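Chemist: Dropping the structure in here first, questions after.
The values are calculated or read from the model by the stated rules, or taken from the named source; none is laboratory data. Because the structure is predicted, anything quoted here is derived from the model rather than measured. Cβ sites come from the backbone with ideal geometry, for glycine too, and all protein chains shown count toward neighbours. Ligands, DNA and RNA are stripped out before the accessible areas are found, and what is left, the full protein with its side chains, is counted by its heavy atoms. Shrake-Rupley method; radii C 1.70, N 1.55, O 1.52, S 1.80 Å.
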Amino acid sequence: MKVRVDVMLKEGVLDPQGKAIGHALDTLGFKGVGEVRAGKVIELELQETNPEKAKEAAKTMAEKLLANQVIEDYRVNIL
């Protein structure tokens, strides 16, 4: 079963990568772009066949390794 974990910086945490992307887009002529936030996407192929157990396993992985919960939020989606 495939699971996707989306990790983003929490609101209020400075995002220098997002700022750089926003500046680059403006430089390239893309006007009207507001705030840009950058994050990461992790796709996992799990042996689990039960969607609820797969989601719980991915949540545990996110809390232990994939996301720094002090500055990042995460969301788990079954694909």
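Chemist: Would you be able to tell me the number of residues in the stretch 49-74 that are crowded, with 16+ Cβ neighbours inside 10 Å and either free of Cβ contacts under 8 Å to residues at least 60 places away in the same chain or touching a His at 6+ places or on another chain (Cβ under 9 Å) (or both)?
Modeler: Counting residues in the stretch 49-74 that are crowded, with 16+ Cβ neighbours inside 10 Å and either free of Cβ contacts under 8 Å to residues at least 60 places away in the same chain or touching a His at 6+ places or on another chain (Cβ under 9 Å) (or both) gives 7.
Chemist: Which one is nearest to residue 3 (Cα to Cα) among residues in the stretch 27-66 that are hydrophobic (A, V, I, L, M, F, W, C) and touching a helix residue (DSSP H, G or I) at 6+ places or on another chain (Cβ under 8 Å)?
Modeler: Ranking the candidates gives 44 first.
Chemist: Which of (1) open to solvent by 60 Å² or more (accessible area, probe 1.4 Å); (2) out of contact with any Phe, Trp or Tyr (no Cβ under 9 Å at 6 or more places or on another chain); (3) without any contact (Cβ under 8 Å) to a residue 40 or more places away in the chain does residue 25 not meet, given it meets every other one?
Modeler: Among (1) open to solvent by 60 Å² or more (accessible area, probe 1.4 Å); (2) out of contact with any Phe, Trp or Tyr (no Cβ under 9 Å at 6 or more places or on another chain); (3) without any contact (Cβ under 8 Å) to a residue 40 or more places away in the chain, residue 25 violates only (1).
Chemist: Quick check: anything in the stretch 9-18 out of contact with any Lys or Arg (no Cβ under 7 Å at 6 or more places or on another chain), of a type in the set (A, V, I, L, M) and open to solvent by less than 70 Å² (accessible area, probe 1.4 Å)?
Modeler: Quick first cut of the stretch 9-18, residues out of contact with any Lys or Arg (no Cβ under 7 Å at 6 or more places or on another chain) only: 10-14, 16-17.
Among the residues that remain, those that are also of a type in the set (A, V, I, L, M) are: 13-14.
When the remaining residues are screened for being open to solvent by less than 70 Å² (accessible area, probe 1.4 Å), the result is 13.
The answer is yes; a qualifying residue exists.
Chemist: Something else now. Looking only at the stretch 28-48, count how many residues are open to solvent by 50 Å² or more (accessible area, probe 1.4 Å) and of a type in the set (A, V, I, L, M, F, W, C).
Modeler: The number of residues fulfilling the criteria is 4.
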